[in-house]
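Working notes, structure below.
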Amino acid sequence: MAEPKVRDGTVSDRGITFFVALALFAQESTWNFYDNQVPALLREHVSSAAVVGLLMGADNLVGMFVQPWIGNRSDNTRTRWGRRMPYIAVGMPLAALIFLLLPWATSLAALVAVMFLYALVANSTRPLAESLVPDFIAPERRSRATAAVKIATSLTIIVASLISLLVVDEHPKAAFVIPAAIMLVATAVLVAKVRDSRSPGYQAAETSARTDTKARQVLGELVRDPDRRRLLLLVTVLLFGGAWFASRSLITPYGMQALGLTRGEAGGLTLPSGVAYLLACYPAALAAERFGRLRTMAAGMVVFVVALAAGTVVQTATGTVVVFCVAAAGAAAFTINAIVALWNLAPSSRVLGTYTGLYAVTWYLGGFGGPALIGAVVDLTGWAGMLLDIAVLASLAIAVIARLQHLERRTGATPSEQEIM
């Protein structure tokens with residue numbers, strides 16, 4: 001990739017996309033390696049898989065509280081470096097240093113304490129780098145930037161797997177240095193190149209009335225506002241997030257119970273769909289710019305639903321792989337554009353960080369509730385119908401976004417306004 005252009009402190013759209021992708025690539029490299037290796041560290045102290053799963057899921061719970069708070073705090077921050085970069089410059093190196101302590105914890109209490117500290121600090125940087133996208137980039141161009149960022153973060157799964165495969169067995173403690181080093185290098189690049197005080201979003205917030213807006217005020221305004229579009233969009237994120245996470249987290253037992261596969265074979269069913277998702281990201285962004293984000297999201301969800309419904313009819317390993325590839329491509333049309341649509345509906349640039357946090361919380365709630373709900377239905381009806389159960393949940397999301405599209409038409413938006421939505 002060519003060196004991003006930075007002139008007089010002003011970063012181009014392509015440049016800021018590169019820097020945000022770099023920041024999130026570094027952050028997700030540590031998170032994915034954390035998910036790969038920390039369970040093994042926990043197993044040295046506890047034998048219960050339920051306890052291990054509970055402790056591994058605690059970082060999402062921490063994120064649900066920390067991310068909206070830090071997003072809102074950054075919205076109200078004013079420095080010569082900007083409102084996001086001061087927190088990124090401190091938070092990412094601190095998270096890297098805490099990450100290095102994980103394999104050195106000699107007791108369960110020490111390990112849990114380090115895990116909590118890592119989750120607390122690392123979650124505080126997650127929404128800030130992503131919020132640089134709407135700070136710098138105009139609404140009609142945000143989907144392309146988000147697509148590039150999603151591709152970068154998806155590649156970290158491969159990075160974490162390679163470190164686990166090539167380094168962990170011989171150097172179990174030193175392996176943690178590699179993701180931490182990536183984080184430190186990325187921080188140095190961002191600190192040297194990015195000043196979000198020069199972003200259009202920061203400048204717009206700076207020229208508006210200087211009154212701090214609390215996260216609870218933003219949420220209260222969103223709930224009370226007679227314009228229900230933002231609320232409906234978050235409900236759509238919740239429902240589709242639940243369907244997406246259910247399709248990923250329950251596929252291994254589905255493959256074993258419904259398709260008769262071994263554990264390893266069932267676990268590999270979604271690998272090709274990961275490639276399909278990556279290939280669909282950028283076309284999903286281009287489609288949104290041409291046809292509108294809500295239309296592209298709705299079309300992607302329809303593809304997701306139809307694919308999973310077809311998977312219920314064709315219950316073979318090969319058929320399931322094909323179904324998941326098609327479904328993942330459809331899901332990309334939603335995940336690339338949903339947060340952009342929410343940014344574009346935000347009442348002002350002063351609350352973009354808070355809205356990034358609200359999106360994250362809603363997505364995580366879907367990730368928590370969706371698999372539990374589908375699992376409960378499977379307990380009642382059996383594994384054979386699981387893909388259809390997920391399709392029904394995703395269909396509810398389609399119904400909500402159809403209502404949102406109806407409200408969008410009723411607002412009488414101009415063609416240019418419709419273009420960014």
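Give just the number: which of (1) crowded, with 22+ Cβ neighbours inside 10 Å; (2) part of a loop (DSSP other than H, G, I, E, B); (3) not hydrophobic (A, V, I, L, M, F, W, C) does Pro226 not satisfy?
(1)
Which one of the conditions (1) in contact with a Gly (Cβ under 7 Å, 6 or more places away or on another chain); (2) closer than 22 Å to Ala40 by Cα does Asp59 fail to meet, given that it meets all the rest?
(1)
Residues in the range 326-342: is at least one over 19 Å from the mean Cα position of the chain (by Cα) and at pLDDT 90 or above?
Let us first name the residues in the range 326-342 that are over 19 Å from the mean Cα position of the chain (by Cα), namely 326.
Subsequent filtering for residues that are at pLDDT 90 or above retains 326.
Yes; the residues of the range 326-342 include at least one that is over 19 Å from the mean Cα position of the chain (by Cα) and at pLDDT 90 or above.
Determine the pairs where a residue that is closer than 17 Å to Val302 by Cα and among the basic types (Lys, Arg), located within the range 230-259, has a partner that is part of a helix (DSSP H, G or I) and open to solvent by 10 Å² or more (accessible area, probe 1.4 Å) with Cβ atoms under 9 Å apart, the partner being 6 or more residues away or on another chain.
Note: no pairs meet the criteria.
State the number of residues belonging to the range 158-176 that are over 23 Å from Thr270 (Cβ atoms) and either buried (at least 17 other Cβ atoms within 10 Å of the Cβ) or among the small types (Gly, Ala, Ser) (or both).
3
Within the range 15-30, how many residues turn out to be out of contact with any helix residue (DSSP H, G or I) (no Cβ under 6 Å at 6 or more places or on another chain) and open to solvent by 10 Å² or more (accessible area, probe 1.4 Å)?
1
For the structure I just gave you, tell me whether Ile151 is open to solvent by 40 Å² or more (accessible area, probe 1.4 Å) and touching a Phe, Trp or Tyr at 6+ places or on another chain (Cβ under 9 Å).
On the way: open to solvent by 40 Å² or more (accessible area, probe 1.4 Å): yes; touching a Phe, Trp or Tyr at 6+ places or on another chain (Cβ under 9 Å): yes.
For Ile151, the condition - open to solvent by 40 Å² or more (accessible area, probe 1.4 Å) and touching a Phe, Trp or Tyr at 6+ places or on another chain (Cβ under 9 Å) - is met.
Give me the pairs, please: first residue somewhere in the range 348-367 and closer than 16 Å to Ala204 by Cα, second residue anywhere and of a type in the set (Phe, Trp, Tyr), beta-carbon distance under 8 Å, and either six or more positions apart or on two chains.
Ser349/Tyr202; Leu352/Trp343
Looking only at the range 116-147, count how many residues are more than 13 Å from the chain's Cα centre (by Cα), in a helix (DSSP H, G or I) and of a type in the set (Gly, Ala, Ser).
5
Return yes or no: is Thr362 part of a helix (DSSP H, G or I), hydroxyl-bearing (Ser, Thr, Tyr) and surrounded by 24 or more Cβ atoms within 10 Å (Cβ to Cβ)?
The answer is no for Thr362.
Output the qualifying pairs, or none if there are none: Cβ atoms under 8 angstrom, residues six or more apart or on different chains, first residue in the range 289-301 and touching a residue at least 60 places away in the same chain (Cβ under 8 Å), second residue among the β-branched types (Val, Ile, Thr) and surrounded by 24 or more Cβ atoms within 10 Å (Cβ to Cβ).
Listed by first residue and then by second, the contacts come to Arg293/Val340; Leu294/Ile401; Met297/Thr236; Met297/Ile401; Ala298/Ile401; Met301/Ile401.
So Met183 passes all but one of these: (1) modelled with pLDDT of 90 or more; (2) open to solvent by 10 Å² or more (accessible area, probe 1.4 Å). Which condition number does it fail?
Every condition holds for Met183 apart from (2).
Select from the range 186-223 the residues that are farther than 25 Å from Phe33 by Cβ, among the polar types (S, T, N, Q) and modelled with pLDDT of 80 or more and write down the one among them that is surrounded by the fewest Cβ atoms within 10 Å (Cβ to Cβ).
Per the stated criteria, the residue is Gln203.
The values are calculated or read from the model by the stated rules, or taken from the named source; none is laboratory data. What you see is a predicted model, and the numbers here were worked out from it, not measured in a lab. We place every Cβ from the backbone using ideal geometry, glycine too, and count neighbours over all the protein chains shown. The protein model used for the area step is the full one, side chains on, heavy atoms only, and it has no ligands, DNA or RNA in it. Shrake-Rupley method; radii C 1.70, N 1.55, O 1.52, S 1.80 Å.
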